[in-house]
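Read the structure below first, then the notes.
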Amino acid sequence: MPYTFKCKELDLQGRVSETYYKADSKEEVVHLIRSKGNTPVKITLDEEAVERNTELVLFKPKVKTKDIAIFCKQLSTMLSAGMPLTNSLEVLINQSDNKTLKSAVKEMATQVQKGNVLSAAMRQHKKVFPQLLINMVEAGEMTGNLDNVLLKMTDHYTKENRINAKIKGAMMYPLILSILATSVVIFLLVFIMPTFVEMFVSSGVPLPLPTRIMLAISNAIQTYWYLFILAFAGIIFAVRRALNTREGKTFFDNVKLSIPGIRVHIAKIATSRFTRTLSTLLSSGIPILQALEAAANVTNNMVVINGIEEVSEEIKKGSNLSLLLKRVGVFPPMMISMVGIGEESGALEDMLEKTADYYDEELDVAIQKMISIIEPVMIIVMAVIVGFIVISMIMPMFDMLKTVA
């Protein structure tokens, strides 16, 4: 969690001013002050801010992609209309519905009023604003084109929010189906199975092997239910912890890209995000290496990120970008071909934008196809499980009928 530091710094005119910075360490604050050309005089931890952050950290709402898109749109509109940056930020403080974003913008407005540039103020809130947006704002400040850059980022995060919404919406049905099926199985094992088995045992009918297996599972769930809950929670904790590590995330992303029928759709989603981000960054004057790294991070796919890191050295030597992207092993052949055409014609940015538009259109189809594969597999698996339970309860009935006959 970033800390708030109270600082005194000396500017180039010899004036001492009091400022506040959010950073993980004093060294980071020193770097931020010197990046402005100023000299740090005194840096102390703001204890009151630490107490406030400790009290409120559990209640801070998450800043979503939609909130970032609205922030960029509103700020771009006000800046293009000629409103000063400080006034624009003051307006955003009153308009923002998200308390976390409102608090960040309020602190940013204070920093800007004290002479900080917007990108430096945003950099103190890395958990609120994506690194991509901070880099783009910095580029806009350097070129004096901040309002247009923010407009591009509005379009970028609007599309990113649309993609996220489509993926979440498409996964909702399989999630509900899995929860419902699991509930049915537990209900059958805990409440229905013991009733039938008790009837069979009292009649003296020997229980077949499938019934004995289900009975053992039923007894285990009823007797050691807390262990099952702990095991389930432990698995979730282990997976979440693994996903927070580079190695774990790489493993799971490799698994997703190795599943037949799903790999191609995962690749399309990554391609859409990568090409759109790379096009936006290059058109804003971001250097190719920095743009590739940022675009790879936006895909949130470690296979792509690792692949781009591996080819970065080759790009420095002037190697062909399309051939290097092919070595990543994720991007579809069409995307590689479009990049190659863009390099040869000198219109790489336009080709990337057209490629992003194409894969944005393909995204709906890709997501639906991916879900169309997942749904029947889940239904078949659950049908087999429920069917095995039902058969286990029916088999002793046939033995009873034979005994009566």
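Would you point out which residue out of 187, 232, 129 is farther than 28 Å from residue 21 by Cα and either within 32 Å of the chain's Cα centre (by Cα) or surrounded by 12 or more Cβ atoms within 10 Å (Cβ to Cβ) (or both)?
Numbers: 187 fails: either within 32 Å of the chain's Cα centre (by Cα) or surrounded by 12 or more Cβ atoms within 10 Å (Cβ to Cβ) (or both); 129 fails: farther than 28 Å from residue 21 by Cα.
The unique qualifying residue is 232.
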Subject >> Check on residue 339, in a helix (DSSP H, G or I) and modelled with pLDDT under 85 >> reply: no
Subject >> Qualifying residues in the stretch 94-110 (those that are modelled with pLDDT under 85 and in a helix (DSSP H, G or I)) - the one nearest to the chain's Cα centre (by Cα) >> reply: 95
Original post:
How many residues does the stretch 97-117 hold that are of a type in the set (A, V, I, L, M, F, W, C) and over 23 Å from residue 61 (Cα atoms)?
Top reply: 2
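Collect the residues in the stretch 325-341 that are without any contact (Cβ under 8 Å) to a residue 12 or more places away in the chain and either in contact with a helix residue (DSSP H, G or I) (Cβ under 7 Å, 6 or more places away or on another chain) or surrounded by 17 or more Cβ atoms within 10 Å (Cβ to Cβ) (or both), keeping them in residue-number order. Please lay out each step first, then the result.
Here is the first cut: in the stretch 325-341, the residues without any contact (Cβ under 8 Å) to a residue 12 or more places away in the chain are 326, 333, 341.
Within the stretch 325-341, 326, 341 meet the criteria.
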Subject >> Residue in the stretch 258-270 that is in contact with a Ser or Thr (Cβ under 9 Å, 6 or more places away or on another chain) and at pLDDT 85 or above present >> reply: yes
**OP:** Taking the residues in the stretch 111-139 that are within 15 Å of residue 65 (Cβ to Cβ) and part of a loop (DSSP other than H, G, I, E, B) as candidates, determine which candidate is modelled with the lowest pLDDT.
**Re:** 127
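Out of all the residues in the stretch 398-405, is one or more in contact with a helix residue (DSSP H, G or I) (Cβ under 6 Å, 6 or more places away or on another chain) and assigned to a helix (DSSP H, G or I)?
Initially, the stretch 398-405 is screened for residues in contact with a helix residue (DSSP H, G or I) (Cβ under 6 Å, 6 or more places away or on another chain), giving none.
Looking for residues that are in contact with a helix residue (DSSP H, G or I) (Cβ under 6 Å, 6 or more places away or on another chain) and assigned to a helix (DSSP H, G or I), one finds none in the stretch 398-405, hence no.
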Original post:
Counting just the residues of the stretch 116-174 that are in contact (Cβ under 8 Å) with a residue 40 or more places away in the chain and among the basic types (Lys, Arg), which one comes out farthest from residue 105 (Cα to Cα)?
Top reply: 166
**OP:** For the stretch 243-268, enumerate the residues that are within 21 Å of residue 368 (Cα to Cα) and touching a Phe, Trp or Tyr at 6+ places or on another chain (Cβ under 8 Å).
**Re:** 267, 268
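From the residues in the stretch 253-264 that are touching a residue at least 12 places away in the same chain (Cβ under 8 Å) and outside any loop (DSSP other than H, G, I, E, B), which one is nearest to the chain's Cα centre (by Cα)?
Residues of the stretch 253-264 touching a residue at least 12 places away in the same chain (Cβ under 8 Å): 253-254, 257, 261-262, 264.
Still in the running and outside any loop (DSSP other than H, G, I, E, B): 253-254, 264.
Numbers: 253: 13, 254: 17, 264: 20 Å.
Taking the candidates together, the pick is 253.
The values are calculated or read from the model by the stated rules, or taken from the named source; none is laboratory data. Just so it is clear, the model here is predicted, and its values are computed rather than measured. Note that we place each Cβ from the backbone using ideal geometry, even for glycine, and neighbour counts take in every protein chain shown.
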